[in-house]
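Undergrad: Below is a structure I'd like to ask you about.
The values are calculated or read from the model by the stated rules, or taken from the named source; none is laboratory data. The shown structure was predicted, so the numbers you read here are calculated from the model rather than taken from an experiment. No Cβ is skipped: glycine too gets one built from the backbone with ideal geometry, and neighbour counts run over all protein chains shown.
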Amino acid sequence: MKPIQISMIAALLALLLFSAILASRSIASKSSIERTIKGDGFAVLELFTYEGCSSCPPADELLAKVQKEAGNRPVYVLTYHVDYWDRLGWKDTFSNADYSKRQYQYASKLNAQVYTPQLVVNGKTEFVGSNESATDYAINSALKGSPKSSVNLHGSLQSGKMAIDYQVTGDTDNDELVIAVVQKNAISRVKRGENEGRTLAHAQIVRQLYSFDLESAKKGQVSISLSKDFNTDGWELIGFLQDPKTRAINAATKVIF
Ligand SMILES: *[C@@H]1O[C@H](CO)[C@@H](O)[C@H](O)[C@H]1NC(C)=O
């Protein structure tokens, strides 16, 4: 009799323990749901950086970490390599004059200087891109927002092109639809300039940037041509609605394709 009683007690204990684990699990999942429904906001992080700038690698690393930790949250990381430091002895192969121009437009709207590494969040605020506490604060404030518009993007891949069906809600008449074609990762060996001899890891590099006037259309289709390097595993497309006058970003999403 004794061994049976002991095993029954053991089974009872195991059952108690199991239900305690289940209970703690359901509490954990409830609080994580609460966390995600707290705000409907989104955060578009635009970093202006350059391979030949010695203060840029810490910002690149921070943004790579933000990207990694974003999970399913609506946090969109874009890094733009500017071209105005090309004269400092190293030509950044990802640099593009359009991205420098974009940074100047932000600086003028935000009454800010133009520098690298500069981070702009939702087109509304800017600070030094390696400042982790400022970045965390800006992301959390952005996620607590309640956007008045939304955008949905579905792409279909054709040879060298993507046709993107868009659907928007809210007051979007003055907004542009901006589509960034993003290479998720790259490694560069820098041979000259301030970062001479360093191997840099880049994340979320904007390789192409398109913008379209929506006028008053709530849905429609736009078509973009894709870089020859494009592949579906290592690249993604991020789209957002931006007011070209204020530069504020009013909604953002990934292109599903
Ligand atoms: C980082 O940002 C915070 C908040 O804006 C600011 O108080 C702090 O001085 C900044 N740190 C550095 C190193 O610039």
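Undergrad: Against the condition part of a strand (DSSP E or B), under 30 Å from Leu88 (Cβ atoms) and of a type outside the set (Ser, Thr, Tyr), how does Ile179 come out, does it pass?
TA: When the stated conditions are applied, Ile179 does not pass them.
Undergrad: Test Asp173 against the criterion of being modelled with pLDDT of 95 or more, among the acidic types (Asp, Glu) and surrounded by fewer than 14 Cβ atoms within 10 Å (Cβ to Cβ), and give yes or no.
TA: Against the criterion (modelled with pLDDT of 95 or more, among the acidic types (Asp, Glu) and surrounded by fewer than 14 Cβ atoms within 10 Å (Cβ to Cβ)), Asp173 does not qualify.
Undergrad: While we're here: Quick one: Arg189 ticks every box in (1) of a type outside the set (Asp, Glu); (2) away from the ligand (no atom under 16 Å from the Cβ); (3) touching a Phe, Trp or Tyr at 6+ places or on another chain (Cβ under 8 Å); (4) more than 22 Å from Leu241 (Cα to Cα) except a single one, so which number is it?
TA: Of the numbered conditions (1) of a type outside the set (Asp, Glu); (2) away from the ligand (no atom under 16 Å from the Cβ); (3) touching a Phe, Trp or Tyr at 6+ places or on another chain (Cβ under 8 Å); (4) more than 22 Å from Leu241 (Cα to Cα), the odd one out for Arg189 is (3).
Undergrad: Of the residues Gln113, Gln158, which is among the polar types (S, T, N, Q) and within 16 Å of the ligand (Cβ to nearest atom)?
TA: Testing whether each residue is among the polar types (S, T, N, Q) and within 16 Å of the ligand (Cβ to nearest atom) leaves just Gln113.
Undergrad: I need a count of the residues in the stretch 74-116 that are touching a Phe, Trp or Tyr at 6+ places or on another chain (Cβ under 9 Å), small (Gly, Ala, Ser) and part of a loop (DSSP other than H, G, I, E, B).
TA: Of the residues in the stretch 74-116, 2 are touching a Phe, Trp or Tyr at 6+ places or on another chain (Cβ under 9 Å), small (Gly, Ala, Ser) and part of a loop (DSSP other than H, G, I, E, B).
Undergrad: Mind checking whether some residue in the stretch 143-155 is at pLDDT 95 or above, more than 15 Å from Tyr76 (Cα to Cα) and among the aliphatic types (A, V, I, L, M)?
TA: no
Undergrad: While we're on this one: Taking the conditions exactly as written (at pLDDT 95 or above and surrounded by fewer than 19 Cβ atoms within 10 Å (Cβ to Cβ)), does Ala64 satisfy them or not?
TA: Yes: the conditions hold for Ala64.
Undergrad: With the condition being basic (Lys, Arg), I'd like the strands (runs of 3 or more DSSP E) fully within the stretch 193-257 carrying at least 1 qualifying residues.
TA: 199-213, 219-225, 249-254
Undergrad: Please determine whether any residue of the stretch 101-113 is closer than 28 Å to Lys228 by Cβ and not polar (S, T, N, Q).
TA: Within the stretch 101-113, one or more residues are closer than 28 Å to Lys228 by Cβ and not polar (S, T, N, Q).
Undergrad: Looking at Leu157 and the list (1) under 20 Å from Val206 (Cα atoms); (2) in a strand (DSSP E or B); (3) in contact with a strand residue (DSSP E or B) (Cβ under 7 Å, 6 or more places away or on another chain), which single condition is not satisfied?
TA: Just one mismatch for Leu157, condition (3).
Undergrad: Also: Among the residues that make up the stretch 131-153, is at least one of them on the phi < 0 side of the Ramachandran plot, within 16 Å of the ligand (Cβ to nearest atom), among the acidic types (Asp, Glu) and within 19 Å of the chain's Cα centre (by Cα)?
TA: Yes.
Undergrad: Go through (1) away from the ligand (no atom under 16 Å from the Cβ); (2) in a strand (DSSP E or B); (3) hydrophobic (A, V, I, L, M, F, W, C) for Leu119 and report which single condition fails.
TA: Failing condition for Leu119: (1).
Undergrad: Out of the residues in the stretch 231-257 that are touching a residue at least 60 places away in the same chain (Cβ under 8 Å) and over 25 Å from Gly145 (Cα atoms), which is surrounded by the most Cβ atoms within 10 Å (Cβ to Cβ)?
TA: Ranking the candidates gives Phe257 first.
Undergrad: Give me the pairs: first residue in the stretch 127-152 and in a helix (DSSP H, G or I), second residue at pLDDT below 95 and not β-branched (Val, Ile, Thr), beta-carbon distance under 8 Å, and six or more apart or on different chains, which are they?
TA: Pairs that qualify, where the first residue is in a helix (DSSP H, G or I) and the partner is at pLDDT below 95 and not β-branched (Val, Ile, Thr), are Leu143/Lys38; Leu143/Gly39.
Undergrad: Checking Asp86 against (1) crowded, with 21+ Cβ neighbours inside 10 Å; (2) at pLDDT below 95, which single condition isn't satisfied?
TA: (1)
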